[in-house]
Amino acid sequence: MTSIGTGYDLSASTYSPDGRIFQIEYAAKAVENSGTAIGLRVKDGVVFAVEKLVHSKLLVPSSNRRIQTIDRHIGLATSGLLADGRHIGNRAREEAENYRETYRTPTPVQALADRIGLYVQAYTLYSSVRPFGISAIFGGIDKEGPQLYVVEPSGIFYGYHGAAVGKGRQLAKTELEKLDLPSLTVQEAVFEAARIIHLVHDDSKDKEFELELSWVGKETGGLHLPVPHELWVEADKRGREALDEDMVD
Amino acid sequence: MSPTVGPVSRDFNPYSDNGGTILAIAGEDFAVVAGDTRQSEGYNIQTRYAPKVFRLTDKAVLAVNGFAADGNMFVKKVKQRLEWYRHAHGKDMQLRAIARMIQTMLYAKRFFPYYVYNILGGIEEDGSGAVYSFDPVGSYEREACRAAGAAQSLVQPFLDNQIYFKNQTPAIDAPFPRHLPLSHVLSIVTDSFTSATERHIEVGDGLEIYIILAKGKTLSGLGLDGVKGLSEVTSTVDDSDGSASEGESLAEGERIFVLRRELKKD
Amino acid sequence: MDHFPTNWGRPRNEAVDLYNTYPLHLRPDNGTYGRPKDSFEEGVQRTRQPIVTGTSVLAIKFKDGVIVAADNLASYGSLARFKDIQRLHAVGTHTVIGAGGDMSDFQHIQHDLDSLIISEFSEGDGHALGPAEIYEYLSQVMYARRSKMNPLWNSILVGGWKDGKSFLGYVDLIGTTYSASTLATGYGAYIAQPLLRKAVEGRENELTEEEAVKIVEESLKVLFYRDARSLNKYQIAIVNEKGVSISDSRIAPTEWSFAEGIRGYGAQTQ
């Protein structure tokens, strides 16, 4: 951390001499420390999976969810500061409603990512605020078909076939690259997503985690919904088994 | 086009009259508040069951009559204020305080009034039965009895005669009683409504009579044993059953009962 | 035929121009006389009358559901302006609404309720708004707008089925609400309501869906014969355990040959 002590990292409105804004990079660090979140854009839909780290046994199961619904057809998975994720979710719902009210048509995912990108970027301009400690995966089905975008703390956003953010993103990306995403179905993608989350989870560092799975596809009638319980159980089981097979090798 | 005939300007009229009639009578240690359940507009019966009488607390019942939309909104706001009072003070508001609150709430809309005639019935702190009547902008007074609504002009003279003994001469050595017994009052109420139903097209379908008893009073003590269609609605009573089985009630304070009767539907 | 609604037919009653057969510029009270109360008053526009209107909506309860029906006509005064307008709208999975009155106000209400349903859906808490909640919300919106002297110019029926219980409610532009096992708005309140009550009252828990549809279709037909601002093309919505289903438009066969013999309808010269 060569930035520390230089005085150039105290404000988002200050560049370092080599043209970097350290506050944004620190925000990205907040994301790197958080449980993994992935999104898969496949043939007929989008699947989200989150490794929700459980820091206390006292927590109620399935509380503090990190996958949110933004509109009928759009989901959001975040990595980073939980509270920032909720704030981005609220803002995204407002933007989606505003788009609907203005154009009387379901919000395209790209338009939403664009608006959230602008919003997040605004928090990189002023000394009075801090950038969001969030990487947000937006996904859903719109007029153009399945869509997947990631908005980063800098406000920049890219479209993806498969996206991974948080702790295990490197390994998750490697796994995603092995898949032929455009030809998978959401049914198949749910199992892949669960497998990847189990794979990237580091048992030695983080003990407990909860697997969150959601999808948008034909099965859901174009709605963003949690994966049905039975399917979740099956995907979770197969994810664990795949892990055990790896261990044997 | 002839310039003499043109459309009449019709400004939006935010009010309507939904008919029906209400009345309340205070006894020595009880009060009775009643209303029919027909809701109408002009010659149309909108529904045969739209309640106009509402339990506010275990010692207060409010009847509202006039423009139904205003009436429902007003009752909703009164109930909300009473809930806030309960949260703030841990007890129900006294009847006379509810009466003053209603006057304040009505007058607050003096220049866009709730087009509603209110009659509040219940038990005072001293255990006496009481009736308060209001005009739409909040003028109010405590009375022994009051009728309001479509058939007020039919019912009020009848009550004046039967409750206040107006235009009656007492027999020698038999002065008029100051208070009437509950069973007698209930007869007057049912007669008022059956008669109003006969003579007024906006009255009918159903009748709901709320009976509020002072602390320690029982139905049997007031000569009302085994009356059919009577159910207790006191808050401390589990109303899943509702049948008013007289005897040991959980209620320690005032008690409220509802008596439902059919009225002619034509 | 020309562009002036004035020449398309007069209202039945000159004193009450219910269907606004007078073009806007010919209506007198357009702020031309009387002094404005404040300098900006003329800048504020409120609905003073409906423009494009729908007529009656009918609804009844039956054994295991409710049925709501309305025709597909939106009139501009006496002109049958739009003949393929849907006046029924599903709100969530348990509720349907049907509206008469101003169609643009109704479309506004549809968007408002859609937004409500989406924001409830995105909570993801497993709860869904039922007909009673939607009716309460809608009633409060209608009453609030009338209290601002800026009403949504509609009469609306709300029908629904949730947790094994049916729901039917009415709300209108001044916030009046009521429930009953048969409901009808507009001319339906005069013409169809007596027919519906006769067929339904006391038999709410016996009527089958087929019987209910028959009762409503018969009433719609009577309305079509008597209400000049109605159409024999209509839709029917059923709400039951399975959810909301709104039918495609249906056309009621009608018979007018009897009119030949009636003075004023037929070809008689005297």
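Assorted remarks:
- Condition check for C:Val171: at the interface with chain B (Cβ under 10 Å from one of its Cβ atoms) and either in contact (Cβ under 8 Å) with a residue 40 or more places away in the chain or assigned to a strand (DSSP E or B) (or both): yes
- If you go through the range A:104-144 and keep only what is among the β-branched types (Val, Ile, Thr) and assigned to a loop (DSSP other than H, G, I, E, B), you end up with A:Thr105, A:Thr107, A:Thr124, A:Val129.
- For the range A:88-107, the criterion of being within 13 Å of chain C (Cβ to nearest Cβ), surrounded by 18 or more Cβ atoms within 10 Å (Cβ to Cβ) and under 28 Å from A:Ser204 (Cβ atoms) is satisfied by no residue at all.
- Counting only residues that are touching a residue at least 40 places away in the same chain (Cβ under 8 Å) and within 11 Å of another protein chain (Cβ to nearest Cβ), the range C:189-205 holds 1 of them.
- Among the residues of the range B:15-39, those identified as more than 22 Å from B:Ala99 (Cα to Cα), over 10 Å from the mean Cα position of the chain (by Cα) and either more than 10 Å from every other protein chain (Cβ to nearest Cβ) or of a type in the set (A, V, I, L, M, F, W, C) (or both) are B:Asp17, B:Gly19, B:Gly20, B:Thr37, B:Arg38.
- Across the range C:64-85, not a single residue is classified as within 24 Å of C:Glu211 (Cβ to Cβ), among the basic types (Lys, Arg), touching a Leu at 6+ places or on another chain (Cβ under 9 Å) and at pLDDT 95 or above.
- Number of residues in the range C:161-179 that are small (Gly, Ala, Ser) and at negative phi: the value is 3.
- Every listed requirement among (1) small (Gly, Ala, Ser); (2) crowded, with 18+ Cβ neighbours inside 10 Å; (3) more than 30 Å from B:Asp225 (Cβ to Cβ); (4) in contact with a Phe, Trp or Tyr (Cβ under 9 Å, 6 or more places away or on another chain) is met by B:Ala150 save one, (4).
- Scanning the range A:159-176 for any residue that is assigned to a helix (DSSP H, G or I) and surrounded by fewer than 15 Cβ atoms within 10 Å (Cβ to Cβ) turns up at least one such residue.
- Subset of the range C:113-164 (residues that are touching a residue at least 40 places away in the same chain (Cβ under 8 Å), facing another protein chain (nearest Cβ under 10 Å) and in contact with a Phe, Trp or Tyr (Cβ under 8 Å, 6 or more places away or on another chain)): C:Met149, C:Pro151
The values are calculated or read from the model by the stated rules, or taken from the named source; none is laboratory data. Treat the numbers as computed from the prediction; the structure is a model and nothing was measured. Here Cβ is always computed from backbone atoms with ideal geometry, including for glycine, and neighbour counts include all displayed protein chains.
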